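Here the structure is laid out as structure tokens; the discussion comes afterwards.
The values are calculated or read from the model by the stated rules, or taken from the named source; none is laboratory data. Everything numeric here is computed off the predicted structure, so don't read it as measured data. Using ideal geometry, Cβ is built from the backbone for each residue, glycine included, and neighbour counts are taken over all protein chains shown.
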Amino acid sequence: MVNVILLERVEKLGQMGQVVKVRPGYARNYLLPQKKALRATKENLTYFEKQRVQLEAGNLQRRSEAEQVAQKLNGLFVVVIRQAGESGQLYGSVSARDIADAVTAAGFTITRGQVVLDKPIKTLGLHKLRVALHPEVGVQVTANVAQSAEEAEMQSKGVDPLRLAQEAAARAAEEQAAAPAKDAAG
């Protein structure tokens, strides 16, 4: 385990200025390159204390900017068109990059690292997910995953296009089954 000083709030780890123990790979591959932390040495501790006011001011400014964007972005609906099987299973999945591209196309520039996906999206439908604009500011975005723009429109109104297609197929099968019986009777 390695001790690091957090330069900003890191979700599920700690607040700015805390000295925390993390695994060496997490520090080396994520926290240090992303400038989210410094190694906890005496020199870095004194450097951090000198820079603390500037770091906190910069953090407050980024947070207030993120809150302004959050007011506009919260509750956004984005449409992602994908091919899928008859059961609604996607051929592949919708990734954080796909969501980031859709949100960017809607007029808000975000990166795929800001999209929080608990699990990959592998089915058609409406999926709620979180976008972290800042370590302390997150918003809810709904991804409407559909096979076409018409299907996306139906899903947004609460209609399930897959169920409609299955019902139509069932009706067609009943009509076909009834047709030979009429021919035999007639």
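Structure summary
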{"quantity": "Residue in segment 114-123 that is within 30 Å of ALA66 (Cβ to Cβ) and of a type in the set (Asp, Glu) present", "calculated": "yes"}
{"quantity": "Only one of VAL20, VAL80, VAL53 that is free of Cβ contacts under 8 Å to residues at least 40 places away in the same chain, not in a helix (DSSP H, G or I) and not hydroxyl-bearing (Ser, Thr, Tyr)", "calculated": "VAL20"}
{"quantity": "Only listed residue being exposed (fewer than 12 other Cβ atoms within 10 Å of the Cβ), modelled with pLDDT under 90 and among the acidic types (Asp, Glu), chosen from GLU65, GLU86", "calculated": "GLU86"}
{"quantity": "Some residue of segment 84-92 being part of a loop (DSSP other than H, G, I, E, B) and within 16 Å of the chain's Cα centre (by Cα)", "calculated": "no"}
{"quantity": "Scan of segment 66-77 for residues that are more than 25 Å from GLN147 (Cα to Cα) and either part of a strand (DSSP E or B) or free of Cβ contacts under 8 Å to residues at least 24 places away in the same chain (or both), ordered by number", "calculated": "GLN68, GLN71"}
{"quantity": "Of all residues making up segment 111-170, the number that are closer than 21 Å to ARG9 by Cβ and small (Gly, Ala, Ser)", "calculated": "3"}
{"quantity": "Test result for GLU49, surrounded by 11 or more Cβ atoms within 10 Å (Cβ to Cβ) and over 20 Å from PRO135 (Cα atoms)", "calculated": "yes"}
{"quantity": "Hits in segment 103-155 (condition: outside any strand (DSSP E or B) and among the polar types (S, T, N, Q))", "calculated": "THR104, THR109, THR111, GLN114, GLN147, SER148, GLN155"}
{"quantity": "Filtered residues of segment 23-50 (kept if farther than 11 Å from ASN3 by Cα and assigned to a loop (DSSP other than H, G, I, E, B))", "calculated": "LEU32, PRO33, GLN34, LYS35, LYS36"}
{"quantity": "Residue that is nearest to LYS119 (Cα to Cα), among those in segment 73-106 that are in contact with a Phe, Trp or Tyr (Cβ under 8 Å, 6 or more places away or on another chain) and of a type in the set (Gly, Ala, Ser)", "calculated": "ALA84"}
